[in-house]
Every structure is written in C-alpha cells, then in structure tokens.
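> Just passing along the structure, written as structure tokens.
The values are calculated or read from the model by the stated rules, or taken from the named source; none is laboratory data. Values in this document were obtained by computation on a predicted structure and should not be read as measured data. All Cβ positions, even for glycine, are placed from backbone atoms using ideal geometry, and neighbour counts span all protein chains on display.
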Amino acid sequence: MNVDDGNVDEPGWDVDPDDEQGAAVVATVGRQLKLWREAAGMRAGEFATRIGYGEDLVYKVEGGRRIPRPEYLDRSDEALGAGGRIAAMKDDVAEARYPKKVRDLAKMEARAVELSAYGTHNIHGLLQTEAHMRALFASWLPAYTPDETDRIVAARMARRSIFERQPIPSLSFVQEEVTLRRPVGGSMVWRGQLERLLEVGQLRNVAIQVMPTRCEEHPGTGGLIQVLKFPDGTAVGRSEGAFSGRPVFDPKQLRILELRYGMIRAQALTPRESLAFIEQVLGET
C-alpha cells in the first residue's frame, strides 16, 4: 500500500486548541493507538507503511495533535488486529472535528421533533449547499483560514442528516426574499442553491416559505428566529431581536418567539407559492 500524502496535508483535521473537550478526546484516542501499536511490537515507521499514511501523521495522531480520519482508524484496526475496538472510536472522534457550538446545536437538532427557523440575511445553514457555504464564509471578515473553513463546512454538512433521520421531524423555514436574490458565489453556485431549495421543499416534512420584500407590516424586523421542540415537551429558542440574543427555555419567553414566528409565517407566501417563486427566480438567473 502506498503512502497517501494527501491525507497528511488535507486541511480540516487539526485539533482546535480552544476546544478542550474535543482535544481531550483526540488525545485519549491517540494514546490508545500508541499503546496498541507498541503492544504489537511495531515502530511508527513500520506502522505508517502498513496503514498507508506518513510517519509524521502517525506521530501527530498519537500525540493528540491531529484528528484521525475514519479510514485511518479502520486501517489501524485491521493492521493491529483490534477486532473493531479501534474502529469503534470513529463516532467520538468525528464529533471532535466540529466546533463545540456546532456540536451542541447538532445534538439539539438530532433530538428535535420540530424546528422553526426564520432567516433574514442568509439562507438557513441546513438549506445551504456546500458551494454556497464556502462562498459565504470566503466573504466574511476577518477571513477564515482554509482549515477553519473546512471545519465549519464539514460540521454544517453533517447537520443535514436531520432531513433523513427517523422519526421524521417537522421542519419549517421562512426566508426573506433578499436571501434568494443575492448571488452568493456567482451564477452557478447561486443556481445550485436555488435548485437545492426546490429539492428540499418537496419533502413532505419540510415547509419553505418566502417573505416578500414588498410586505409592509413585518413582525420579523428584529432579526432571525429559531425554535426547537423536543419529544419531552421542552423547547429552546433564540432570536436576534429578543432576550439579548441568548437561548431561552422559559415557556413565557418561548411563547413570544412562537408568536412572532407564527405571524411571520402567516404573512409569508404559502409553501406552494414559495416554491413557485423560487422557480421564477431560478428562471431569471
């Protein structure tokens, strides 16, 4: 097996020094890998050749400075005869790749039976294509490093599993018209994003609505709103225009956010009208 240098240099797999929890997980996995290798009587160079990676990467992984890819753990498991015990670490390691805030949000989304989200400036992250994400992050200041961009994009892409999980959650999105007309990333990326909205909007558990710019009375001028409801009857919500933008759990505060979101939905185009509107915008590109 030849050494795959691309796996050594590929961005997005460095440990985030500000993520203590993720760094601890990667360090623990690295120590376990080193113990397995030494117990097998293999030097780092020999082990690297056996699994098809560079020796430098082996030292980085074992030292907790590099997040091992799933394939790295699979090959290590096979080379060391671990019987699946090393490969079983993949789920824990996968979480360490994503920023803590995103991990926490993904866990809440994975539990939610209902999601309501109103977007003002950007298309909601769950609805974005990968190309749209990258173009969006490339325009932000201060600029992200390539590694930071890859980390954030990978985390956001992983959250899209909400569309496929069981039981099926109810997902409602309201997007300001301007978010559909801003050609983030250029014409091809923009078209791909609009096509993605049409695709997702066809799912029976998803409702996408458009708030027309011409709407005179608008209860959503305070900024984005998002509410997640869970099977046990609890919920969490957040809005830029209420409660200092902090997450809220109190039923009274949540009712305020739900009232605002309900009014926004009522004034927006219906889901069917919205898909027709998106098709129209796509036809204009």
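> Considering every residue within the stretch 125-140, establish whether at least one is part of a loop (DSSP other than H, G, I, E, B), without any contact (Cβ under 8 Å) to a residue 24 or more places away in the chain and out of contact with any Pro (no Cβ under 6 Å at 6 or more places or on another chain).
Yes, that holds for at least one residue.
> Among the residues of the stretch 13-67, how many are surrounded by fewer than 17 Cβ atoms within 10 Å (Cβ to Cβ), more than 15 Å from Ile86 (Cβ to Cβ) and among the polar types (S, T, N, Q)?
So the count comes out to 1.
> Among the residues of the stretch 236-252 satisfying the criterion of being over 20 Å from Glu109 (Cβ atoms) and surrounded by fewer than 17 Cβ atoms within 10 Å (Cβ to Cβ), which is farthest from the chain's Cα centre (by Cα)?
Looking only at the stretch 236-252, we keep the residues that are over 20 Å from Glu109 (Cβ atoms), and these are 241-244, 250-252.
Right, trim to surrounded by fewer than 17 Cβ atoms within 10 Å (Cβ to Cβ) and you get 241, 243-244, 250-252.
Working: Gly241: 24, Phe243: 25, Ser244: 24, Asp250: 26, Pro251: 27, Lys252: 29 Å.
By that ranking, first place goes to Lys252.
> Is it the case that the stretch 180-188 has a residue that's of a type in the set (D, E, K, R), touching a residue at least 60 places away in the same chain (Cβ under 8 Å) and crowded, with 16+ Cβ neighbours inside 10 Å?
no
> Name every residue in the stretch 93-148 that is among the charged types (D, E, K, R), crowded, with 18+ Cβ neighbours inside 10 Å and touching a Phe, Trp or Tyr at 6+ places or on another chain (Cβ under 8 Å), in order of residue number.
Arg97 - this is the single residue of the stretch 93-148 that is among the charged types (D, E, K, R), crowded, with 18+ Cβ neighbours inside 10 Å and touching a Phe, Trp or Tyr at 6+ places or on another chain (Cβ under 8 Å).
> Of all residues in the stretch 246-285, which are part of a helix (DSSP H, G or I), in contact (Cβ under 8 Å) with a residue 12 or more places away in the chain and of a type in the set (Gly, Ala, Ser)?
Of everything in the stretch 246-285, just one residue is part of a helix (DSSP H, G or I), in contact (Cβ under 8 Å) with a residue 12 or more places away in the chain and of a type in the set (Gly, Ala, Ser), namely Ser274.
> Sort out for me the helices (runs of 4 or more DSSP H) sitting completely within the stretch 144-232 that have 1 or more residues that are at pLDDT 95 or above. Lay out the reasoning, then the answer.
On the way: elements: 146-159, 177-181, 187-201.
In the stretch 144-232, the matching helices (runs of 4 or more DSSP H) lie at 177-181, 187-201.
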